[in-house]
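A short worksheet on the structure shown next.
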Amino acid sequence: MKDRPAREILRAGIADGALPARRLLDASSGNTAVAYAMLGAAARIDVTVCVPANASRERRDLLRMYGAELIETDPLEGSDGAIRRARELAAAEPHRYWYADQYSHPANPRAHYLTTGPEIWRDTKGAVTHLVAGVGTSGTLMGAGRFLKQMRRDVRLVAVEPDSPFHGLEGLKHMRTAMVPAIYDRSAIDETVLVGTEEAEWWVTHLAREHGLFVGWSTGAALVAAGRLLSRDTRDQPEPRIVVVIAPDGGTRYLSEARRLFGE
């Protein structure tokens, strides 16, 4: 999922003439960083990413494999700490770095407006009633949601957040206590669902063992939220609900963390 905004942001940097003359610099919880590194390697663009030190080992290994410069930040500060470090680097060496700033760059939601939204509309044949997605940068929900709202005004956008500032849902922000992304428009959200880490973990394990789908923790959280929506009384709803849940990455990027779920 993060390949889409990363590609659009790189294209914007190239169009502006900033890339490949300077290094692409950004903060990430991990997945956008991997997308930058992969696409940067293919486009011969140097990449520096600031990532919390508690990002999964698999994602950190992928970054190194693609040749990106990895700067690890305080894990207790989460993605906000990575953002602060990236801003410091960009201010200190503006001629070396092009600060992409996925949390503010309009290319992030635009990527999902152009691709994810139309894809959901096409695949549901216009029947989608709810879009459920975790919010980190919020680009997916803002961009895809804007497209869907234009196509059908009553589509409901449901944001999924951790239920506390300290959580194990990598990539998601507890908006009340975190640095709110500039691209995040609260007024566009119809509902916010707060989810606990343990609830998300249950879904991750359940999907793997009962359905053969190994997903990441943020997907587990989104499924908790979708389950709550679908469990509500539907007597006053005239039509079936078609709830689309965004699964932004697979569980293979979290294998080192998943071992504790298996008792190892």
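The values are calculated or read from the model by the stated rules, or taken from the named source; none is laboratory data. What you see is a predicted model; the values in this text were computed from it and never measured. Virtual Cβ from ideal backbone geometry, glycine too; neighbours counted across all protein chains shown.
For this structure, a couple of remarks:
- The residue that is surrounded by the fewest Cβ atoms within 10 Å (Cβ to Cβ), counting only those in the range 166-195 that are small (Gly, Ala, Ser) and assigned to a helix (DSSP H, G or I), is Ser187.
- The residues on offer are Leu157, Leu148, and the sole one that is buried (at least 24 other Cβ atoms within 10 Å of the Cβ) and over 19 Å from Ala82 (Cβ atoms) is Leu148.
- So Ala37, is it under 15 Å from the mean Cα position of the chain (by Cα), closer than 21 Å to Met1 by Cβ and aliphatic (A, V, I, L, M): no
- Residues within the range 32-52 that are in a helix (DSSP H, G or I) and either crowded, with 24+ Cβ neighbours inside 10 Å or small (Gly, Ala, Ser) (or both), tallied: 10
- Comparison of Ala111, Ala91, Ala68, Ala82 shows that the only residue that is in contact with a Pro (Cβ under 6 Å, 6 or more places away or on another chain), of a type in the set (A, V, I, L, M, F, W, C) and over 20 Å from Leu141 (Cα atoms) is Ala82.
- Unique residue being at pLDDT 95 or above and farther than 25 Å from Gly250 by Cβ when the list is Glu77, Glu72, Glu93: Glu93
- Test: residue in the range 69-83 that is in contact with a strand residue (DSSP E or B) (Cβ under 8 Å, 6 or more places away or on another chain), on the phi > 0 side of the Ramachandran plot and not assigned by TED's automatic domain parsing to the domain that holds Glu257: yes
- Top-ranked residue in the range 233-264 [being basic (Lys, Arg) and surrounded by 10 or more Cβ atoms within 10 Å (Cβ to Cβ); ranked as modelled with the lowest pLDDT]: Arg259
- If you check Glu210, Glu198, Glu239 for being assigned by TED's automatic domain parsing to the domain that holds Arg153, in a loop (DSSP other than H, G, I, E, B) and either more than 26 Å from Arg110 (Cα to Cα) or in contact with a helix residue (DSSP H, G or I) (Cβ under 9 Å, 6 or more places away or on another chain) (or both), only one passes: Glu239.
- Here Asp61, Asp26 are screened, and the one residue that is outside the structural domain of Gly216 (by TED's automatic domain parsing), at negative phi, surrounded by fewer than 18 Cβ atoms within 10 Å (Cβ to Cβ) and outside any loop (DSSP other than H, G, I, E, B) is Asp61.
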